[in-house]
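The values are calculated or read from the model by the stated rules, or taken from the named source; none is laboratory data. Predicted, not measured: the structure shown is a model, and the values here were computed from it. Cβ sites come from the backbone with ideal geometry, for glycine too, and all protein chains shown count toward neighbours.
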Amino acid sequence: MPRVPPPSPRSGFIEPCLPSSAERPPSGPDWIHEIKHDGYRLMARRDSVGIRLLTRNGHDWSPRYPLIREAVNRLKVRSCLIDGEAVACDENGLAVFERLRRKREGRHVFLYAFDLIELNGDDLRRDPLEVRKATLRSMLAKAGLGLRFNEHLEGDGPTVFAHACKMGLEGIVSKRKDFLYCRYVPRVGLAAEAAPVSGSCPNPF
């Protein structure tokens, strides 16, 4: 019998939604605001093939981050696809991008999970963001150290952004509660390097 090639790391890959830059963060009851962590965008996929940590270009980085891989493996689910940011923190708990470049730090890298795209074979992209996040929060309640739920605030956008800047964070990402994943440009990102929030973001992400 002919040898069946192993599955490509790209199998099951879904292109992540990326935020656009804005001069000022939005406000109002329809918006939530998350901390923008300084790390690598990763999607954690678990299915019959195994566990893959997919970059925004579809490359499998699971060998690099054993803590994340182990936490995904221990989840009480049949399959899932989690969107998040892989980070390495300093002694103050702040994500530091340079630490991700050090190979010895790989065992300490964890995933800030902020969205749930698939669960047990169900595609959740047509569910509102607030529903997906509620399901994700419940799923990660007893997760291992490699997975942490990325909390959000529902207050005034400019106020949340100002506090993020004062804390030395990278910025915030604002999303509509009814956001359907990748159906339109849903998110507004502001980098904390832009001191005046009314100015243009110098480093859009």
Discussion item. With the requirement that a residue be modelled with pLDDT of 80 or more, surrounded by 14 or more Cβ atoms within 10 Å (Cβ to Cβ) and assigned to a loop (DSSP other than H, G, I, E, B), what does region 20-40 give you?
Written reply: ARG24, PRO25, PRO26, SER27, HIS37, ASP38, GLY39
Item to complete: Please go through region 128-179 and pick out each residue that is under 15 Å from LEU116 (Cα atoms) and part of a helix (DSSP H, G or I).
Response: LEU129, GLU130, VAL131, ARG132, LYS133, ALA134, THR135, LEU136, ARG137, SER138, MET139
Fill in: region 47-73, residues that are part of a strand (DSSP E or B) and under 25 Å from LEU18 (Cβ atoms)
ASP47, ILE51, ARG52, LEU53, LEU54, THR55, ASP60
Item to complete: For region 42-62, enumerate the residues that are surrounded by fewer than 16 Cβ atoms within 10 Å (Cβ to Cβ) and closer than 24 Å to VAL173 by Cβ.
Response: ARG56, ASN57, HIS59
Fill in: Answer residue from region 74-89, given it is assigned to a strand (DSSP E or B) and farther than 17 Å from ILE117 by Cβ and is farthest from the chain's Cα centre (by Cα) among those
CYS89
Practice prompt. Please verify whether region 90-98 includes one or more residues that are under 14 Å from HIS37 (Cβ atoms), β-branched (Val, Ile, Thr), outside any strand (DSSP E or B) and out of contact with any Pro (no Cβ under 9 Å at 6 or more places or on another chain).
Written response: yes
Worksheet entry | GLU118 being in contact with a Ser or Thr (Cβ under 9 Å, 6 or more places away or on another chain) and among the charged types (D, E, K, R) | yes
